[in-house]
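Only one structure is covered here, and it is reproduced in the block below.
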Amino acid sequence: MTGGQPVDGVLTVPQIVDQLKAEAVAEILVVSDEPEKYRGSYAVSVPVHHRDELEAIQLRLRDTAGVTVIVYDQTCATEKRRRRKRGLMVDVKRRAYINPAVCEGCGDCSVASGCVSVEPLETPLGTKRQINQNSCNKDFSCLKGFCPSFVTIEGGELRRPEGKAGARDILGDIPDPVLPSLEQPFGVVVAGIGGTGVVTIGALMGMAAHLESKGITVLDQTGLAQKGGAVMSHIQIAARPEDIHATRIAVAETATLIGCDEIVAASNDVLSRVKAGLTKAVINTALTPAAEFLSNPDWKFPKTTAEGNIQQALGDDCDYIDATSLAETVMGDSIFANPLMLGYAWQKGWVPLSYQALIRAIELNGVAVDKNIDAFEWGRVAAHDRGLLPEVESDTRAVQWVEPETLDDVVARGVALLTEYQDEGYAKRYTDAVEKVRCAEDKVAPNRGAPLSIAVARNLMKLMAYKDEYEVARLHASPVFQQQLEQQFAGKPGKDYQVHFHMAPPLISKKDANGHLIKRRFGPWMLPMFKLLAKMKFLRGSVLDVFSHTDERRQERQWINDYLAFVEEVSHSLTRERLEIAIARAEVPQNIRGFGHVKERNMVAARTRWQVLKQDYDGKA
């Protein structure tokens, strides 16, 4: 796992093992994502384990006397994706997909995988998860997250939006820009995230300068992460090589900033190198999650802060464009966002290289030549007149400003959800409870937008619609989910591809060493079972409900009862002094997310806060 860098020498894993044995290592183990390949001529004389066992192996070897070695053999996931695109490795006809209606937004999939292709998805019911199919490495470690929302599409192909033809025809009437002079070295900073082609932009500019016999230096700062980490390329272009005296662009000496990622572009390292009045910039406003999202499921894209910092540093010399969404619309793949950004900067006259040299550099790169040229041309169109661009769908990966929901909006959604979840009587219990809080709040804090009532409406809806087996079955069998699959993948489910489900039914699943249920893969035959199970929701909570006896289900029902008791208490005891505490307590259930042991852990934390806030509420006069 060298991140795509070549390995010096010719040592194979068996040879490494033999050398370690000769050096008297106490214990040697091989860990791989393909343990089956260590058979026959490639066999090793030590135990071979699947990577799923890595944590248990590390814990055991930690307590083993002497020097112990784990030889971990796996091709870098980013390198796999690169090879597949170039036809050097067989592509896996399998993709992971998340049913957003089932997803609880707990983030356990991000914890299990550490993958930045698991991205936020904003919905009326909160932040869920989605998989960026364009950047997914098909590592499938996200499936280990304890959640039944994951399905795998076997044999399906992504439904690519048809690329919009005509960019070159439009460009027929667009004048070429006046390119910058090279009386002194010209500094370009390209800032973005690893795995998206930031380094490639520097390489293309380097080749173009070489073709024109100009001086060029390219310094790539990739840090420790090739995929998902901050990447910055320092590009110095001069009329002659001897005119360049440093490879790194100094403070306040950047002439052009190409910000392929808004968060990276707004970082102190990048903004320290720009100067208002000197630097011209184009920033990709696509909402790409930061690494913090892996550990913080409530992370929000800091759009206002990022753009504020950029504006403060550059003033009005900065253009913003959602290059990722535009590339998906016109090219069918977001991977072409960066060459599109290069075309934009060039058309603006911010890159001192000729059109012919840049196009030739793309040709010499030899990867998706026609598409990269088309993306470059669409960037030129965007720079010349955005009115010529097709309509671009809005980004769903981070919160955009919308009018705040009214209480009536939230209640209407709750009634619709709970009626489908159970029946009209169940929904009426919900509306009756919300109405009690609304009346109490109107008495102590009229004309304030009903924040307590809205919090109760949202959180009681969440508690009452807990995702048991009947509900998960209903959501997987829902026509809405089938439509979502058809929008994402070409063809029809069951005909052109097969949908497999990954779940851990508590009545039949085994447990791991930690006592947690182990997920299993179920085939398409589960869909008729889901439809049947969804119709049996009338059994929910009755003596005939075989799923209702687990600790998780008991706690879920107890939370509903406790919350309704809280509603009764508030309706009789709410005062203006107690209002803020009541709101905080009403919002506690929003952190009860996930399934199985993940949800149980969150319920314990929520219960502690619930009790603390109750004491605070009781203590207020």
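The values are calculated or read from the model by the stated rules, or taken from the named source; none is laboratory data. In this text, all values refer to a predicted model and were calculated from it rather than measured experimentally. For neighbour counting, all protein chains shown are included, and Cβ atoms are generated from backbone atoms with ideal geometry for every residue, glycine included. When the accessible area is computed, the model is the full protein with side chains, heavy atoms only, and any ligands, DNA or RNA have been set aside. Shrake-Rupley method; radii C 1.70, N 1.55, O 1.52, S 1.80 Å.
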Under 20 Å from the Cα of Lys436 - lysines, other chains or at least 8 residues apart: Lys428, Lys462, Lys614
Proximal aspartates and glutamates to Lys214, defined as alpha-carbon separation beneath 18 angstrom and excluding residues fewer than eight positions away on the same chain: Glu183, Glu242, Asp243
Cα lying deepest toward the dipole's positive end in region 1-132, options Ala101, Ala112, Val46, charges on Cβ: Ala101
Reduced Cα scattering model of region 458-592, Debye log10 I(q)/I(0), q = 0.14 Å⁻¹: -0.84
DSSP beta bridges in the chain [antiparallel fraction, %, rounded to 5]: 60
All-pairs alpha carbon distance profile, region 239-395, 5 Å steps from 0, percent: 2, 9, 16, 19, 19, 17, 11, 5, 1, 0, 0
Lys/Arg +1, Asp/Glu -1 at C-beta; region 572-621 dipole; positive extreme among Val598, Ala586, Trp610: Val598
Where region 505-621 is the region considered: accessible area per residue in Å², 1.4 Å probe: 57
Partner lysines for Lys303 [C-alpha distance under 27 Å; skip if fewer than 8 residues away on the same chain]: Lys128, Lys227, Lys275, Lys280, Lys348
Cα pair distances in region 519-563, grouped into 5 Å bins until the bin that holds the longest one, percent each: 5, 18, 18, 21, 19, 12, 5, 2
On Cα atoms only, tilt of 526-535 relative to the major axis of the chain in degrees: 40
With 10 Å bins from 0: P(r) over region 4-137, alpha-carbon pairs, percent: 10, 28, 30, 21, 9, 2, 0
Ser267, Ser325, Ser45, ranked by accessible area, largest first (probe 1.4 Å): Ser45, Ser267, Ser325
Net charge over other residues, Cβ less than 14 angstrom from the Cβ of Glu435 (K, R count +1; D, E count -1): 0
Three-way shape call for region 5-75 based on the alpha-carbon gyration tensor, with the a/c threshold at 1.5: oblate
Under the Karplus curve 6.51 cos²θ - 1.76 cosθ + 1.60, θ = phi - 60°, whole-Hz ³J(HN,Hα) for region 247-256, x wherever Gly or Pro sits: 8, 8, 6, 7, 4, 6, 10, 7, 8, 9
The chain, Rg to Rh (Cα coordinates; Rh as Kirkwood inverse mean 1/r): 1.01
The chain, helix-only ellipticity at 222 nm - DSSP H runs n ≥ 4, -39,500 (n - 2.57), divided by all residues, nearest 500: -12500 deg cm²/dmol
Cα-centred dipole magnitude for region 90-146, charges only on beta-carbon of K, R (+1) and D, E (-1), debye, nearest 20: 240
Solution diffusion estimate, µm²/s, Stokes-Einstein, region 173-311, Kirkwood Rh from C-alpha pairs, 20 °C, viscosity 1.002 mPa s: 135
Cβ crowding within 10 Å averaged over residues, with 429-437, 46-54 ranked highest first: 429-437, 46-54
Simple Cβ-charge dipole of the chain, Lys/Arg +1 and Asp/Glu -1, about Cα centre, in debye nearest 20: 1600
Accessible surface of region 353-493, 1.4 Å probe, proportion on carbon and sulfur as whole %: 51
Volume in Å³ per residue [convex hull over Cα atoms, computed for region 488-557]: 141
Separation of alpha-carbon centers, region 346-373 and region 415-485, rounded to whole Å: 54
When region 86-158 is reduced to its Cα atoms, the Kirkwood hydrodynamic radius in Å: 12.7
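Rounded to the nearest 0.05, what FRET efficiency is calculated for Val546 and Arg413 with R0 set to 41 Å and r the Cβ-Cβ distance?
Working from the Cβ atoms, E equals 0.85.
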Whole-number accessible area per residue in Å² for region 206-334, which is evaluated in the context of all protein chains at 1.4 Å: 42
Euclidean distance between Cα centres, region 48-97 to region 518-555, Å: 34
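Work out the length of the dipole vector of region 63-168 about its Cα centre, built from +1 on the beta-carbon of each Lys and Arg and -1 on the beta-carbon of each Asp and Glu, and round it to the nearest 20 debye.
780
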Over region 74-126, volume per residue of the alpha carbon convex hull, in Å³: 107
Packing-based order for 193-200, 381-388, 612-619, using average beta carbon neighbours within 10 Å, highest first: 193-200, 381-388, 612-619
Dipole of region 223-349 [Lys/Arg +1, Asp/Glu -1 at C-beta], most positive-end residue of Leu294, Ala327, Met341: Met341
Average Cα contact separation per residue, the chain, under 8 Å, 6 or more apart, as relative contact order %: 13
